[in-house]
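Okay, so here's the structure we're looking at.
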Amino acid sequence: MIRVLFVCMGNICRSPAAEAVFVQKTIAAGLGEQIQCDSAGTIDYHAGAPADTRMRRAAQRRGYDLTSISRGFLLADFEQFDWIVTMDEENYRNILALARTDADRKKIVRFCNWVDLPGIDEVPDPYYGGNRGFDDVLDILENGSDDLLQWMTKENERAD
């Protein structure tokens, strides 16, 4: 079992969308039983809330169902997950600062390491922008998820 945690700031836009896109990609690849996904935020301001309505609508138009409930990142997540995938540099640094060991640090990766779109090095936060920003986020997540999935399965094979 590979356990993946997607992390953004508030866990209501980018990380729940990343979770939904990645789940669908794992199912399409026949790996739905082998990969478990969740999402969290570096702040818990929205804890207990569903994903942002605008993000849910944009995702639904593409066939994704965002069902996760917002929660904050916990130190226990380092033990619970094999990979912690951050949406941007600020969240990468925030999670890295919480890492207690080299093993914790090795689990933290940037989502955009697998994105093949010109000029994209972070998944931008669409919260304060217009509706187009939510579609842009989904474009980025769809672009990087296949390569991320392929990389994770190869890394898992190496570890075995």
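Each value in this text was obtained by applying a stated rule to the coordinates, not by laboratory testing. Not measured: the values here are computed from a predicted model. FYI the Cβ positions are ideal-geometry reconstructions off the backbone, even for glycines, and counts take in every protein chain you see.
Here are the numbers for this structure:
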read-out	value
Leading residue by the ranking (surrounded by the fewest Cβ atoms within 10 Å (Cβ to Cβ)) among those in the range 144-156 that are closer than 14 Å to Trp83 by Cα and charged (D, E, K, R)	Lys154
Index of the failed condition, Arg54 passing every other in (1) within 25 Å of Asn131 (Cβ to Cβ); (2) part of a loop (DSSP other than H, G, I, E, B)	(2)
Residue count, the range 92-104 (criterion: under 14 Å from Val7 (Cβ atoms) and either in a helix (DSSP H, G or I) or free of Cβ contacts under 8 Å to residues at least 12 places away in the same chain (or both))	8
Matching residues in the range 44-73 - criterion: being over 15 Å from the mean Cα position of the chain (by Cα) and of a type in the set (A, V, I, L, M, F, W, C)	Ala47, Ala49, Ala58
Criterion: under 10 Å from the mean Cα position of the chain (by Cα) and over 20 Å from Arg132 (Cα atoms) - qualifying residue of Ser15, Ser39	Ser39
Of all residues in the range 1-25 being in contact with a Pro (Cβ under 9 Å, 6 or more places away or on another chain) and of a type outside the set (A, V, I, L, M), the one that is farthest from Met152 (Cα to Cα)	Cys13
Those residues of the range 111-154 which are among the charged types (D, E, K, R) and either assigned to a loop (DSSP other than H, G, I, E, B) or free of Cβ contacts under 8 Å to residues at least 24 places away in the same chain (or both), in sequence order	Asp116, Asp121, Glu122, Asp125, Arg132, Asp136, Asp139, Lys154
Among (1) touching a Leu at 6+ places or on another chain (Cβ under 8 Å); (2) crowded, with 20+ Cβ neighbours inside 10 Å - the single one Leu66 does not satisfy	(1)
One residue from Ala40, Ala28 being under 17 Å from Met152 (Cα atoms) and free of Cβ contacts under 8 Å to residues at least 40 places away in the same chain	Ala28
Residue that is nearest to Ile35 (Cα to Cα), among those in the range 2-19 that are out of contact with any helix residue (DSSP H, G or I) (no Cβ under 9 Å at 6 or more places or on another chain) and part of a loop (DSSP other than H, G, I, E, B)	Asn11
